[in-house]
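Participant: First the structure, then my questions, so here it is.
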Amino acid sequence: MVVVRAEPAAQVGIRLPVWAQTAWVARGHFQVDVLASVITLLVTVLVAIGIRESARANATLVGVQIVAMIVFVVALVPFIHPANLHPFAPFGWHGVVVSASLVFFAYIGFDTVTVASEEAHRPERDVPIGIILSLIIGVILFCTIAYVTAGSLSYLKYTGDGGAAMTDAVAANIRNPWLIAVVGIGGIAGNFTVMLTSLLGQIRIFYVMARDRMLPPGVATIHPRFRTPARMTFVTGAVVAVLAAVLPLTDLLNFVNIGTLAAFAIVCAGVLVLRIVRPDARRPFKAPLAPIFTIFGALGCAGLTAFFPWPTWARFGIWFALGIAVYVTYGYRHSRLKGQSPG
């Protein structure tokens with residue numbers, strides 16, 4: 001999501017009324033994030049047009065983000081001071097775990113690699129390679145960014161304004177408007193890639209579920225021109241746009257994170273259960289040490305959900321209950337796994 005506040009928006013010539021700047025609900029006061037909603041709809045249109053167009057746009061945005069990261073690291077390395085790295089965990093391990101739960105949405109990108117496996121020519125080879133390479137590259141880049149950011153500016157001096165820690169570090173050490181702009185553009189590109197891959201992955205999940213009769217067949221309807229499930233893409237995009245408009249960013253991130261953690265925990269547990277109840281099933285993908293990784297994966301993801309506030313749990317409970325209701329009333333009875341013919 002892209003959050004535009006009054007002052008930054010004015011600096012780039014965008015002037016929005018107070019009620020349309022950020023999502024915020026308080027007693028007697030209501031604001032909506034118009035820009036976040038509009039951008040979500042634009043990304044929805046791109047995803048609906050086609051997978052190739054989405055892939056090209058995503059590749060371009062990722063390239064811009066990586067260039068911005070490299071520029072940031074090269075520019076800030078001379079300003080790293082060991083004193084800024086002590087204490088190692090100023091808020092203790094509790095702070096580390098809570099932070100991990102708050103940024104877990106970053107792992108949605110790895111999930112999208114598996115969701116888009118049908119787009120690969122040789123998924124049994126390409127998907128594992130894609131996951132491993134993206135994981136290695138992601139770890140190197142983000143650990144380097146975290147080290148340079150924390151080392152070049154004390155954690156006590158971050159403004160906390162929209163989470164722009166990299167911009168804070170540049171502004172405090174170099175004060176170069178061009179460098180700040182490059183870092184800012186990289187951050188915006190990163191936001192777009194998250195939105196693009198998240199929406200693309202969710203649509204593919206709905207499509208496969210409908211093809212397997214877990215959802216009504218109309219969900220899997222392919223547009224004759226775009227060759228994508230455009231109808232469901234627009235429906236999903238509209239729902240996301242409404243949520244982006246009315247939910248404050250912190251609440252929205254918590255909602256996304258708890259849903260992602262729950263999904264990962266369920267998948268881990270499901271893989272283990274299938275290994276036990278369906279040992280003879282065809283498995284084109286290898287999973288060495290599956291019991292160990294599935295158990296620790298499920299426990300780790302479930303454990304991180306304990307750090308979310310009760311309103312997040314309430315929203316998630318309602319959303320999860322709706323999903324269970326759809327499964328019980330439709331998916332379970334119509335699923336192809338119950339022997340009904342596909343089509």
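The values are calculated or read from the model by the stated rules, or taken from the named source; none is laboratory data. Since we're looking at a predicted model, the values are computed, not measured. Cβ atoms come from the backbone with ideal geometry, glycine included; neighbour counts cover every protein chain shown. Each accessible area value is taken on the protein alone, full model and side chains, heavy atoms only, with ligands, DNA and RNA left out. Shrake-Rupley method; radii C 1.70, N 1.55, O 1.52, S 1.80 Å.
Participant: Under 14 Å from the Cβ of Thr149, count the other residues' Cβ atoms, weight Lys and Arg +1, Asp and Glu -1, and hand me the total.
Facilitator: Result for the neighbourhood of Thr149: 0.
Participant: Here is a follow-up. Filter the trypsin sites (Lys or Arg not before Pro) in the stretch 238-343 down to the DSSP loop ones having no more than 11 other Cβ atoms within 10 Å, then list what survives.
Facilitator: Arg282, Lys286
Participant: Can I ask one more? Take the Cα gyration tensor of the stretch 49-136, multiply each eigenvalue by 5, square-root it, and list the three semi-axes largest first, rounded to whole angstrom.
Facilitator: Over the Cα atoms of the stretch 49-136, the ellipsoid semi-axes are 33, 19, 12 Å.
Participant: Give the separation of the Cα centroids, the stretch 243-271 to the stretch 117-139, in Å.
Facilitator: 23
Participant: Let me ask another. Enumerate the amide H contacts of Leu215 below 5 Å, restricted to partners 5 or more residues apart or on another chain; note that Pro and chain-start residues carry no placed amide H.
Facilitator: So Leu215 has HN proximity to Ala210.
Participant: Continuing with this model, one more query. Rolling a 1.4 angstrom probe over the protein heavy atoms, how many square angstrom per residue are accessible across the stretch 74-117?
Facilitator: So the stretch 74-117 comes to 62 Å² accessible per residue, rounded to a whole number.
Participant: For Leu46, what charge total do you get from the other residues with a beta carbon under 14 Å from its beta carbon, if Lys and Arg give +1 and Asp and Glu give -1?
Facilitator: Once all neighbours under 14 Å are counted, the net charge is +1.
Participant: How would you order 262-272, 137-147 from highest to lowest mean count of nearby Cβ atoms within 10 Å?
Facilitator: Answer by packing, highest mean first, reads 262-272, 137-147.
Participant: While we're looking at this one, here's another question. Run the quick spin-label model on Trp178 and Leu42: label points 7 Å from Cα toward the beta carbon, then report their separation in nm to one decimal.
Facilitator: With each label point 7 Å from Cα toward Cβ, the separation is 2.6 nm.
Participant: Could you calculate, for the stretch 147-259, the ratio of the Cα radius of gyration to the Kirkwood radius, expressed as Rg to Rh?
Facilitator: With Rg and the Kirkwood Rh in hand, the quotient comes to 1.14.
Participant: What's the long-distance tail for the chain, i.e. % of Cα pairs beyond 30 Å?
Facilitator: In whole percent, the long-distance tail amounts to 43.
Participant: For the chain, with the dipole built from +1 on Lys and Arg beta-carbon atoms and -1 on Asp and Glu ones, taken about the Cα centre, which of Ala83, Ala298, Phe308 lies farthest toward the positive end?
Facilitator: Toward the positive end, the furthest listed residue is Ala298.
Participant: How much solvent-accessible surface does Thr250 expose, in Å² to the nearest 10, with a 1.4 Å probe and all protein chains in place?
Facilitator: Around 90 Å² of this residue is reachable by solvent.
Participant: Report the net charge of residues surrounding Phe105, where surrounding means a beta-carbon distance below 14 angstrom and charges are Lys +1, Arg +1, Asp -1, Glu -1.
Facilitator: -2
Participant: Turning to a different aspect of this structure: Going highest first, how would you order 125-132, 45-52 by mean Cβ packing within 10 Å?
Facilitator: Per-residue Cβ counts within 10 Å, averaged per peptide and sorted highest first, yield 45-52, 125-132.
Participant: May I pose another question? Please state the charge dipole magnitude for the chain, taken about the Cα centre, from unit charges on C-beta atoms (+1 on K and R, -1 on D and E), reported in debye and rounded to the nearest 20.
Facilitator: Using only the charged Cβ atoms, the result is roughly 1000 debye.
Participant: With only alpha-carbon atoms counted, please give the Rg and Dmax of the stretch 74-182, in Å.
Facilitator: Considering the stretch 74-182 through its Cα atoms, Rg and Dmax are 17.5, 50 Å.
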